[in-house]
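The structure under discussion appears below in the form of structure tokens.
Bear in mind that the values in this text are calculations on the coordinates, not laboratory data. Just so you know, these numbers come straight off a predicted model, no measurement behind them. Using ideal geometry, Cβ is built from the backbone for each residue, glycine included, and neighbour counts are taken over all protein chains shown.
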């Protein structure tokens, strides 16, 4: 997932946000999810899998500078990107992006809050600029400053629904996101385990965070897991398995609805969920 100016094609987007009143050391815009994309060892097979699972139509950019990057659309609206990995040792994986109108300032805040700037801000064609960060728990997250491409045009069924930080040391990561992104944290008890963290902007949930399950294989790093909204978790999970996905967590209920976790045929983990509050 380590990016570079020379190798990263367009895998990002952003949304324009209204500025609030300036405050000391405050972020000028609300830092919220704006885009997701998949780097795949076989991008054509990945495009076929997600196209059949979610009804996406993937349009591959013919411009060589974007390296075979495809824009996935649902009902004619942009929902995600799918493109090839950039090196033989890069695993197939989904990436999660937040938007900002000042990538330089956000990068400085990331470092000040204890994170790392893995790939400094660089231009992606004439679409905008991106950077890749790593939080103190080791999870990678990207950011986008838009020029032309604005990111999600829809969310919900068959599109981005939620992103969740699975961390080795969640308590190291929470203060980072509070300081770097300006997120507030709402904690919810989870029985005998660690609390669940809901990251919020102006009282609205934008992402979540949880401690990695102790039974998770030792080599599994901290990571952001992308969830897609679906109308029926069980049916979507069964369809994914029919298409070659692996079942990691079978469909099950939680306080806010239902969810499942799978790996696609190329090995990328992703989640499905339906909120009972919708």
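At a Förster distance of 22 Å, what's the computed FRET efficiency of residue 187 paired with residue 102, Cβ-Cβ distance as r, to 0.05?
Efficiency, rounded to the nearest 0.05: 0.15.
Sequence gap at least 6, Cα distance under 8 Å: using those rules, report the relative contact order of segment 160-275 to the nearest whole percent.
Answer for segment 160-275 is 25 percent.
How far is the Cα center of segment 61-128 from the Cα center of segment 156-228, in Å?
20 Å
Per DSSP H run of n ≥ 4, the term is -39500 (n - 2.57); total these for the chain, divide by its residue number, and report the mean residue ellipticity at 222 nm rounded to 500 deg cm²/dmol.
-5000 deg cm²/dmol
As an exercise, find the ratio Rg/Rh for segment 194-278 from alpha-carbon atoms, using the Kirkwood inverse-distance average for Rh.
Radius of gyration over Kirkwood radius for segment 194-278 works out to 0.97.
Only Cα pairs within less than 10 Å get springs; with that Gaussian network setup on the chain, which residue of 41, 186, 32 has the largest fluctuation?
The residue with the greatest mean-square fluctuation here is 186.
Once fully extended, how much extra length lies between residue 218 and residue 234, figured as 0.36 nm per residue of separation less the alpha-carbon to alpha-carbon distance? Kindly include the intermediate steps, with their values, before the conclusion.
Working: separation 16, 0.36 × 16 = 5.76 nm, distance 2.91 nm.
Between residue 218 and residue 234, full extension yields an extra 2.9 nm.
Spin-label point model (7 Å from Cα, Cβ direction): what's the residue 126 to residue 52 distance in nm?
In this crude label model, residue 126 to residue 52 measures out at 3.8 nm.
Please check which bits of segment 82-101 a label hung off residue 45 would reach, taking the label as a point 7 Å along Cα-to-C-beta and the cut-off as backbone N under 18 Å.
Label zone hits: 82-94.
Note the full-extension length gain between residue 111 and residue 148 as 0.36 nm times their separation in residues minus their Cα-Cα distance, in nm to one decimal.
Here the answer is 10.6 nm.
What nm distance separates the two modelled labels at residue 249 and residue 90, each placed 7 Å from Cα along Cα→Cβ?
Label-label distance for residue 249 and residue 90, simple model: 2.8 nm.
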